1. Could you go through the stretch 120-131 and let me know if any residue there is of a type in the set (Val, Ile, Thr), assigned to a loop (DSSP other than H, G, I, E, B) and farther than 26 Å from Pro8 by Cα.
2. Taking only pairs six or more apart or across chains, which ones have beta-carbon atoms under 6 Å, a first residue in the stretch 77-96 that is hydroxyl-bearing (Ser, Thr, Tyr), and a second residue that is modelled with pLDDT under 95?
3. Filter the stretch 41-76 down to residues that are in contact (Cβ under 8 Å) with a residue 12 or more places away in the chain, surrounded by fewer than 18 Cβ atoms within 10 Å (Cβ to Cβ), under 23 Å from Ile153 (Cα atoms) and among the aliphatic types (A, V, I, L, M), then give me how many there are.
4. Of everything in the stretch 97-121, what is surrounded by 13 or more Cβ atoms within 10 Å (Cβ to Cβ) and either in contact (Cβ under 8 Å) with a residue 60 or more places away in the chain or more than 12 Å from Ile139 (Cβ to Cβ) (or both)? Give them in sequence order.
5. I'm checking my understanding of the structure. Among residues of the stretch 134-166 that are without any contact (Cβ under 8 Å) to a residue 12 or more places away in the chain and not in a helix (DSSP H, G or I), which one is surrounded by the most Cβ atoms within 10 Å (Cβ to Cβ)?
6. Val83 is checked against (1) in contact with a helix residue (DSSP H, G or I) (Cβ under 7 Å, 6 or more places away or on another chain); (2) of a type outside the set (D, E, K, R); (3) within 19 Å of Gly160 (Cβ to Cβ); (4) not assigned by TED's automatic domain parsing to the domain that holds Gly160 and fails just one. What number does that condition carry?
Amino acid sequence: MRGPAHTPADAAARLAALAARRAGAVAAAAAMPPLALAGVLDPAAAAAGAVVGVVLWAGAWVVGQTLLEEFALRDELADVPAVGRYRAALVAPARRREVAGALRRIAGQRRASRHDVVPVLVDRVRPIRGELLAVAEEIERMPALDPRTMAEISGLVHDGARSPLLNRAVPETELEMALKRIRFRLAALR
């Protein structure tokens, strides 16, 4: 894995390289059917080539999203166009309503659903239910939000690997610390 991006130019170059990889994967996958129809490739080989192209595109997309999530937390990279768009989308009214609704759903759960892919740890929600509802209310009504705050709140709601609300392996103290950081940042914005 590469080290962190130190400059906006480095961040832009990494994102551009991933975009080029995605475009190359799509082009390779799209070239397979015509090659099979022309008889240059065996149909099975063309199908395999198309599948490989799709897998490569998906891998580059996931890495790009991960980098965008990382870069969005750094204010000095906000001028990189893709990072700026991602940060703007994080604090857009529709995204804020979506995350607030997710916080309310989590706070309202009394028991774990066996249908959820990543069930909420209800025992961890119980003591902080009021705080989750307060955060939901604040992110909907505040005129402006910090993208880092929204990224952290989104992580609590959606990140099954790193969220102490969704993963028992993450210490419960992480939940308390995350809520303190979020509440502090929201109070600083008032």
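1. yes
2. Listed by first residue and then by second, the contacts come to Tyr86/Leu68; Tyr86/Ala72.
3. Residues that pass the stated criteria total 2.
4. Arg105, Ile106, Ala107, Gln109, Ala112, Val118, Pro119, Val120, Leu121
5. Ser163
6. (3)
The values are calculated or read from the model by the stated rules, or taken from the named source; none is laboratory data. Just so you know, these numbers come straight off a predicted model, no measurement behind them. Here Cβ is always computed from backbone atoms with ideal geometry, including for glycine, and neighbour counts include all displayed protein chains.
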